[in-house]
Ligand SMILES: [Zn+2]
């Protein structure tokens, strides 16, 4: 074999290894599952009162599935930023109000739903409580940029660890946040709504368990599971994303994903809602009792 052929083979091998390591490998193996105690969640939820969740997709982009779910291939899926509202008698509870057009564009989202943004702003005006899965800009940005921020800030439940993440975003409004609240490992924050501490994607990441008046149960998984295959296969983000681009505690995330997978196997009616799986949420909205989002994504403004 000539030197050229050897070089080509060595290069191909390197590319193959890099591809496997960065986009396929779902390790480390042997991480124990982190258990979810559904009985404790139900007990903490104690009274139910919410109506169907409504989701609005604020921004979308097409990305290879493997980037957010290692080993699921290069098929493109729609990654969406979805803001959720649970209807309650007190004005509703918001989960992850999403991000503003400028941040959407900076993050590579190619479509932004401006009409949806106005609806989500109004949701925040009327809400009795605003919750976040974690303090990344695609989950807290629109809250921080709300045009009437000082009127809504007091309704947000922010843990001390999450405030650290918000301060790292360097928003003027972040310094207006006057109070934080420490939460236990699982803690009811409203009737039917329980926050679960799930550090891993960020040190202060949490999931939100919701039990509706109908008895239907949801867990909003935040970015621990951005796509459905994350919990269906207990596979984390690709190492390209989780080790390099958006570093996270990968073994902790794998532990939570194994826990979610086991929980779903034991409780099939429980709906796990991944944070960014716009296609999957759209396809399953009717089955999962989710109100279809009003309007569709509009193009980002041209410059
Ligand atoms: Zn996110």
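Taking residues in the range 118-130 that are in contact (Cβ under 8 Å) with a residue 24 or more places away in the chain, and partners anywhere that are assigned to a helix (DSSP H, G or I) and surrounded by fewer than 18 Cβ atoms within 10 Å (Cβ to Cβ), the pairs with Cβ atoms closer than 8 Å and at least 6 places apart or on different chains are 125/151. Give the range 86-111 a look and list any residue that's touching a helix residue (DSSP H, G or I) at 6+ places or on another chain (Cβ under 7 Å) and modelled with pLDDT under 95, or say none. If the condition is that a residue be touching a helix residue (DSSP H, G or I) at 6+ places or on another chain (Cβ under 7 Å) and modelled with pLDDT under 95, then 91, 92, 107 are the ones that fit.
A single member of 248, 283, 217 is in contact with a strand residue (DSSP E or B) (Cβ under 9 Å, 6 or more places away or on another chain) and at pLDDT below 95, and it is 217.
Would you mind listing the helices (runs of 4 or more DSSP H) fully within the range 2-95 where at least 2 residues are in contact (Cβ under 8 Å) with a residue 40 or more places away in the chain and surrounded by 14 or more Cβ atoms within 10 Å (Cβ to Cβ)?
So the answer is 38-45, 65-68.
Residue under question is residue 163, and the condition is that it be at pLDDT 95 or above, assigned to a loop (DSSP other than H, G, I, E, B) and within 30 Å of residue 190 (Cβ to Cβ); does it hold? Taking the combined requirement at face value, the residue does not satisfy it. Working only within the range 101-116, note down all residues that are more than 14 Å from the ligand (Cβ to nearest atom) and either out of contact with any strand residue (DSSP E or B) (no Cβ under 6 Å at 6 or more places or on another chain) or in a loop (DSSP other than H, G, I, E, B) (or both). The answer is 102, 105, 110, 113, 115. Pairs are defined by a Cβ separation below 6 Å, a sequence spacing of at least 6 or placement on different chains, a first member in the range 139-154 that is part of a loop (DSSP other than H, G, I, E, B), and a second member that is within 16 Å of the ligand (Cβ to nearest atom); the pairs so defined are 145/100. Applying the criterion of being touching a helix residue (DSSP H, G or I) at 6+ places or on another chain (Cβ under 6 Å) and in a loop (DSSP other than H, G, I, E, B) to the residues of the range 121-138, the residue that is farthest from the ligand (Cβ to nearest atom) is 127. Counting only residues that are more than 13 Å from the ligand (Cβ to nearest atom), under 16 Å from the mean Cα position of the chain (by Cα) and surrounded by fewer than 18 Cβ atoms within 10 Å (Cβ to Cβ), which one in the range 236-278 is farthest from residue 136 (Cα to Cα)? Looking at the filtered set, the residue picked out is 249. Of all the numbered requirements in (1) modelled with pLDDT under 95; (2) more than 17 Å from the chain's Cα centre (by Cα); (3) within 25 Å of residue 197 (Cβ to Cβ); (4) buried (at least 18 other Cβ atoms within 10 Å of the Cβ), residue 152 misses one, and that requirement is (1). Here 186, 166 are screened, and the one residue that is closer than 20 Å to residue 40 by Cβ and either under 20 Å from the mean Cα position of the chain (by Cα) or within 16 Å of the ligand (Cβ to nearest atom) (or both) is 186.
The values are calculated or read from the model by the stated rules, or taken from the named source; none is laboratory data. Since the structure is predicted, the reported quantities are computational estimates derived from the model, not experimental observations. We place every Cβ from the backbone using ideal geometry, glycine too, and count neighbours over all the protein chains shown.
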